[in-house]
């Protein structure tokens with residue numbers, strides 16, 4: 001077995017975390033042991049995951065192996081995209097400008113706001129009555 005070159009990247013979105021490993025290959029993307037076409041049924045999620053590869057013109061050049069935990073499908077897709085972008089940056093520093101221009105290196109800070117006491121949700125209050 002020959003030594004292969006790996007590039008790692010960790011992506012985060014909401015409560016999802018994705019550990020991404022890219023290596024030279026034919027362009028297979030595997031998420032938790034399942035090909036991404038089988039796992040992700042929505043086209044938006046597939047586009048989100050492949051966007052860093054399309055932007056850097058490396059779509060068929062790297063195999064991507066991902067391990068994700070936490071969150072839902074959308075959060076995990078965002079985390080995977082972030083992780084792939086970070087791994088591509090380690091693979092080739094010249095990708096930085098392309099990735100940054102498309103906003104792929106920035107971690108999306110939006111997350112669910114916590115529920116407050118006396119309210120039904122984070123901001124939804126019970127109906128007010130004067131008497």
For a quick check, take a GNM of the chain with Cα springs below 10 Å and name the residue from 50, 68, 41 with the largest mean-square fluctuation. 41
Pick out which of 39, 119, 99 has the largest mean-square fluctuation in a Gaussian network model of the chain, springs linking Cα atoms closer than 10 Å. 119
Please label the shape of segment 58-131 as rounded, prolate or oblate, based on the square roots a ≥ b ≥ c of the eigenvalues of the alpha-carbon gyration tensor (a/c under 1.5 means rounded; beyond that, a/b larger than b/c means prolate, else oblate). prolate
Distance from the Cα centre of segment 86-131 to that of segment 4-52, in angstrom? 20
Of the residues 72, 118, 11, which exhibits the maximal mean-square fluctuation in a Gaussian network model of the chain defined by a 10 Å Cα contact cut-off? 118
Given the -39500 (n - 2.57) contribution per DSSP H run of 4+ residues, what per-residue ellipticity at 222 nm results for the chain, rounded to the nearest 500 deg cm²/dmol? -9500 deg cm²/dmol
Please report the relative contact order for the chain, taking Cα pairs under 8 Å with a sequence separation of at least 6, and give it as a percent rounded to a whole number. 32
Listed candidates (i) 77, 31, 25; (ii) 48, 28, 24; (iii) 71, 31, 27 - label of the one calculated as Cα extents along the principal axes in Å: (i)
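Quote the FRET efficiency, to the nearest 0.05, computed for residue 37 versus residue 113 with a Förster distance R0 of 30 Å and r equal to the Cβ-Cβ distance. Don't jump to the answer; show the numbers that get you there.
Numbers: r = 34 Å, r/R0 = 1.14.
Efficiency, from the Cβ-Cβ distance: 0.30.
Kindly state, to the nearest 0.05, the FRET efficiency for residue 15 paired with residue 59, given R0 = 41 Å and r defined as their beta-carbon distance. Please report the intermediate quantities before stating the final value.
Details: r = 29 Å, r/R0 = 0.70.
Computed FRET efficiency for residue 15 and residue 59 comes out at 0.90.
Where a number appears in this text, it was derived from the coordinates with a stated rule and is not lab data. These figures come from a predicted structure and were not determined experimentally. We place every Cβ from the backbone using ideal geometry, glycine too, and count neighbours over all the protein chains shown.
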